[in-house]
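Input: a single structure, listed below in structure tokens.
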Amino acid sequence: MISSMTGFGRFEGQVNGRSITLEIKSVNHRYTEFSCRTTKGYSFLEEKLKSYITSKVSRGKIDMFVSITEPENIPTEVLVNHNLVQGYINALKEIETSFGVKNEISVTDITRYPDVLTVHKAPENEEEVLADVLVAVDSALEAFLSMRRAEGERLKADVLMRAEKIISYVEKVEARSPETVAEYKQRLQDKIEEFLKSKDYDQQRVITEVAIYADKVAVDEETVRLRSHFEQLKTYLEKDEPIGRSLDFLVQEMNREANTIGSKVRDAQIAQIVVQIKNEIEKIREQIQNIE
């Protein structure tokens, strides 16, 4: 099943007493690009999450946001900066003495001064944190990948529909091409014979040369290759693996064949059909830009 590069997944809940909110989203990108934002103090997760996600997603610009609230049972200690407290008290006494200001400062007031109190928590076990976060990641990934697959199926249906439309145009080219070649041969031969009417020439040689030149305006080889490319396209679309880059190359080849047909024919009807073929190929190219 093919996947789009556009997806979104979210988890919000508790894992082992740890509150986690996690979002993962992606858009199309030529390669794989991953960025992650985490709650302060959890940056150690970022590289591990990158390795985990890129092992499951092969292409796209992926953004992840992780918010973590620590469990309440983590041992916590509030420390007093004694030197700083003494410094504040000394400064307040100096103000009181120098300016005659009554000092009514309380302990509560002192604790409000910067850096008097610091909260010290026991370090969390990084492996345990990662294990809990991966539970959230897996839940969000399920929705994320499901969305990418659903969008991939929609893209597949659209590409196949346009491929069938192009094949119908190719059939029209194949039906019309022999007529245009015959008409071209006859016009060319008539002009040469008219030019050489009053001169001696090898009629069989002229006919042979006309046939060779007329063969150069035939498009049988190009239409056969176009059909082959579309068979390859259908085969790729049934693969259960990333195919975006392969499809991109294949569409370039399709466009090359269409351009060759357009440059060889001198028939207005076929020229118009070629324009329609190229238009549909371009629409396919736009669609596959979002296929993983």
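Here is how the numbers come out for the structure above:
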| read-out | value |
| --- | --- |
| Cβ-derived FRET efficiency at R0 25 Å, Arg256 paired with Asn279, nearest 0.05 | 0.95 |
| Estimated distance in nm for a label pair at Leu117 and Ser35, the labels positioned 7 Å out from Cα along Cα-to-Cβ | 3.8 |
| Difference of contour (0.36 nm per residue) and Cα-Cα distance, Thr54 to Ser228 | 59.3 nm |
| Degrees between helix 45-54 axis and first principal axis of the chain (Cα, 0 to 90, nearest 10) | 20 |
| Residue order, fewest to most surrounding Cβ atoms within 10 angstrom, among Thr118, Thr223 | Thr118, Thr223 |
| Relative exposure of Phe34, Phe44, Phe99, judged by other C-beta atoms within 10 Å (fewest first) | Phe99, Phe44, Phe34 |
| For segment 2-75 and segment 139-155, distance of Cα centres in Å | 16 |
| Approximate spin-label separation Ser263-Glu221, in nm, with each point projected 7 Å along Cα-to-Cβ | 1.3 |
| Helix 82-99 axis, angle to the chain major axis (alpha carbon atoms, nearest 10°) | 60 |
| Helix-only CD estimate at 222 nm, as mean residue ellipticity for the chain, using -39500 (n - 2.57) per DSSP H run (n ≥ 4) | -21000 deg cm²/dmol |
| Exposure proxy ranking, count of Cβ atoms within 10 Å, fewest first, for Leu155, Leu134 | Leu134, Leu155 |
| Whichever aspartates and glutamates have a C-alpha closer than 16 Å to that of Lys40, once near sequence neighbours (fewer than 8 apart) are set aside | Glu70, Glu124, Glu126 |
| Options Val173, Ile24, Ala268, ranked by Cα towards positive dipole end of the chain, top entry (Cβ charges) | Ala268 |
| Listed residue pairs exceeding 27 Å between alpha carbons, taken from Lys25/Lys165; Lys56/Lys283; Lys48/Lys156; Lys172/Lys239; Lys61/Lys165; Lys25/Lys283 | Lys25/Lys165; Lys56/Lys283; Lys48/Lys156; Lys172/Lys239; Lys61/Lys165 |
| Share antiparallel - DSSP beta bridges, the chain, percent rounded to 5 | 75 |
| Structure-derived percent of Cα pairs over 37 Å apart: which label, when the choices are [x] 24; [y] 8; [z] 52 | [z] |
| At R0 = 45 Å, FRET efficiency that the Cβ-Cβ distance of Val85 and Val27 yields, to 0.05 | 0.30 |
| The chain: relative contact order in percent, alpha carbon pairs under 8 Å with at least 6 residues between | 26 |
| Within the chain: Cβ-based charge dipole about Cα centre, in debye rounded to nearest 20 (Lys, Arg +1; Asp, Glu -1) | 920 |
| Helix 126-195 axis, angle to the chain major axis (alpha carbon atoms, nearest 10°) | 20 |
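Throughout, read-outs are computed from the coordinates displayed, never taken from laboratory work. Keep in mind the model is a prediction, meaning the values are calculated, not measured. No Cβ is skipped: glycine too gets one built from the backbone with ideal geometry, and neighbour counts run over all protein chains shown.
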